[in-house]
Amino acid sequence: MEPIKKTEEQWKQELGEEKYRILRQGGTEPAYTGEYFKEHAKGVYKCAACGQELFSSDTKFDSDTGWPSFTEAMNRENVDLVADNSHGMTRVEVRCKRCGSHLGHVFNDGPKDKGGKRFCINSACLKLQKN
């Protein structure tokens, strides 16, 4: 996997203001507003910035948090997990390994029978390729 390198100005031009704020500046979308939090179609969720395959609809579940939630990344080699101590909290940030974009966070409150992880991902960071 070849890393994608662009200037922040290039990212801003490509993504638009809102997606740039979330993907490149680590923002978040308001709960229950994103395109995919209620999506049930089968397919592959890709990075909205670079197209890297990130999550399968097979691991998506309703966490009742207002954001798309997954029990696991499609391929752990495609995401980076990074310590995030911002906003007075200790969390684990999820980033796209190919372009470095912020995707969301992973928590340990997912379904116990599926490994206990909840990858809480912003809809704005995803593009669903339906099967």
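FYI, it's all coordinate maths here, none of it is from the lab. No experiment lies behind these values; they were computed from the predicted model shown. Using ideal geometry, Cβ is built from the backbone for each residue, glycine included, and neighbour counts are taken over all protein chains shown.
Listed values, structure above:
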quantity	calculated
Distant-in-sequence amide H partners of residue 99 (H built 1.01 Å from N, under 5 Å)	4
Ranked list, fewest to most other Cβ atoms within 10 Å of each Cβ, for 118, 76	76, 118
The stretch 8-130: relative contact order in percent, alpha carbon pairs under 8 Å with at least 6 residues between	28 percent
Partnerless Cys - the chain, beta-carbon criterion under 4.7 Å	120, 125
Positive minus negative residues near residue 83 (Lys, Arg vs Asp, Glu; Cβ under 14 Å)	-1
Test item: Cα-centred dipole of the chain, Lys/Arg +1 and Asp/Glu -1 on Cβ, debye	200 debye
Virtual paramagnetic centre 7 Å along Cα→Cβ of residue 85, amide N under 15 Å, in the stretch 91-123	91-93
Relative counts (whole %) of C-alpha pair distances in the stretch 8-130, using bins that are 5 Å wide	2, 12, 22, 26, 22, 11, 3, 1, 0
Filter on 60/127; 6/97; 6/117; 19/114; 12/130; 12/42 - keep pairs with C-alpha separation over 22 Å	6/117; 19/114; 12/130; 12/42
